[in-house]
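Undergrad: Got a structure for you, questions after.
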Amino acid sequence: MNRLAILPVLASIAVLTACGGGSGGGGGLAPPPTMETPPASQIRVIDADTVDIDGVRYRLHGIDAPEARQTCRAWGRTWDCGAAATEALMSRAEGMSCEGSGTDTFGRTIGVCSSGGENLNAWLVANGWALAYRRFSGDYVDQEAQARSNRSGIHRGAFVEPWEWRRGERIEGEDTFTSIVSSTLDVDALADRMLRGDAANVYGHWLDHSVFVMVDDSVAVSFGDSPGTNPALVGSAVWRGDLVGVDTRTRERIAGDASIEIDDFTRPDVDVAFTGIEDAGGRARADLRWEDIPLVRGGFQSLDAAGSIEGRFYGADHQEAGGIFERDRLTGAFGGSR
C-alpha cells in the first residue's frame, strides 16, 4: 500500500477526534451551553400586610390588615378574619414582587407588592381584606369605600380596626348564630367558607344579618344572627324578599317572591306567602301560603300533611326574617327584610 495515500485519511481522523467526533465515549458534536434558570424568589407571607421576599421583610404601603390571630363577627358568628385575610394574600403570592425604599420603625421596607401585574395593596383593600391606613396614606381610600359598599371580606359584619386591635380592643358581646337546615349539613363550615369568599355550589342570597341558600341544589339552609325574641313593634309589619329552591322531581331550580307578615303585634302570629314562582325554564308555579303560624321566641314553625315551613327573625332589631320550606315537591329557603 502507498503510505503517502494513507496520511490524508489519518489526518482527517485526528481532526474529528479532537472535535469529539466518532462513536462512543462522548461522541458527536458537543452540545451548546444551556442557560441556567434563575432560582424562584423565596416568598413567605407573614400576615395580610407583611411579607418576606428573599430575606427582605416588606410592610405593604398604605394599608392595615387584620392581624393573623384577629377575629371578627358576622351573621352572629365569630370567625377568624385575620387568618382569612392572610390566606387571601397567600392565594396571590406566586410570582409576587415588592418595590420600596423607606423603612418603618421595625426596620421593614415599606413597599408596594404586585403579582401578575396587579397591585396587591389595592387588591387587598378592594376585597375587604385590609383597610386604607389613612394615618400614613390616602392611596386606597376609594378601594375601601368599594369594599364597604359591597360588604366584602371583613365588611360583612363587625370588626375592630387592626390598629385598635393591637392596642387591646376586642369585639364585645356573644355569638348569636343559629341555623335551620333541611338535611344533614355542617352549617358552621358552610358559613366559614362563605365568609372567606367561597360560595361554590351555593344558590341563594346573603343579607346583612342572615343567609338563605340551597347547597348542592338539594339542602335548604337558613342561618344568621338571631336574638331569640319576638319583634316588639306596634301594629303590623311585613318583611319582603325572595325564595330559592329546587323541584325535587326534575331537579330544576325555582325562584320567586317572599313575604313574611305579622298583622297584629298584640297577638303575634306569622303569615307567609310565596308568589311569582318560576322554574329555570320560565314556567310559572302555583303560589304557596301559610297563615296563622304561632310565633315563639322569635321562631315560627308549621307542619301538616301538605308540607312544612320553619323560620325565625334575625338581627338585633329583627330587621330580617328567613327560613326553609317543603311543599308540592318543592324544597327551598327564603328570606327578607323589613
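Undergrad: Any residue that is over 21 Å from W206 (Cα atoms) and either buried (at least 18 other Cβ atoms within 10 Å of the Cβ) or in contact with a Cys (Cβ under 8 Å, 6 or more places away or on another chain) (or both) - is there at least one of those in segment 305-326?
TA: Among the residues of segment 305-326, not one is over 21 Å from W206 (Cα atoms) and either buried (at least 18 other Cβ atoms within 10 Å of the Cβ) or in contact with a Cys (Cβ under 8 Å, 6 or more places away or on another chain) (or both), which makes the answer no.
Undergrad: Restricting attention to segment 248-271, and to residues there that are over 14 Å from G336 (Cα atoms) and buried (at least 18 other Cβ atoms within 10 Å of the Cβ), which single residue is modelled with the lowest pLDDT?
TA: Among those residues, the one meeting the criterion is P268.
Undergrad: How do the strands (runs of 3 or more DSSP E) wholly within segment 210-274 filter down when requiring 2 or more residues that are touching a His at 6+ places or on another chain (Cβ under 8 Å): which remain?
TA: 210-215, 219-225, 237-247
Undergrad: Within segment 69-83, identify whether any single residue is within 18 Å of P162 (Cα to Cα), of a type in the set (A, V, I, L, M, F, W, C), in a helix (DSSP H, G or I) and out of contact with any Leu (no Cβ under 6 Å at 6 or more places or on another chain), and answer yes or no.
TA: Among the residues of segment 69-83, at least one is within 18 Å of P162 (Cα to Cα), of a type in the set (A, V, I, L, M, F, W, C), in a helix (DSSP H, G or I) and out of contact with any Leu (no Cβ under 6 Å at 6 or more places or on another chain), which makes the answer yes.
Undergrad: Could you check T103 against (1) in contact with a helix residue (DSSP H, G or I) (Cβ under 7 Å, 6 or more places away or on another chain); (2) among the β-branched types (V, I, T); (3) free of Cβ contacts under 8 Å to residues at least 24 places away in the same chain and say which number it fails?
TA: The single condition T103 does not satisfy is (1).
Undergrad: Can you pull out the residues in segment 306-338 that are in a loop (DSSP other than H, G, I, E, B) and farther than 14 Å from E261 by Cα?
TA: A306, G315, A316, D317, D328, R329
Undergrad: For residues that are of a type in the set (A, V, I, L, M) and free of Cβ contacts under 8 Å to residues at least 60 places away in the same chain, scanning just segment 54-85, find the one that is surrounded by the fewest Cβ atoms within 10 Å (Cβ to Cβ).
TA: That would be V56.
The values are calculated or read from the model by the stated rules, or taken from the named source; none is laboratory data. Keep in mind the model is a prediction, meaning the values are calculated, not measured. Positions of Cβ are backbone-derived with ideal geometry, glycine not excepted, and every protein chain shown enters the neighbour counts.
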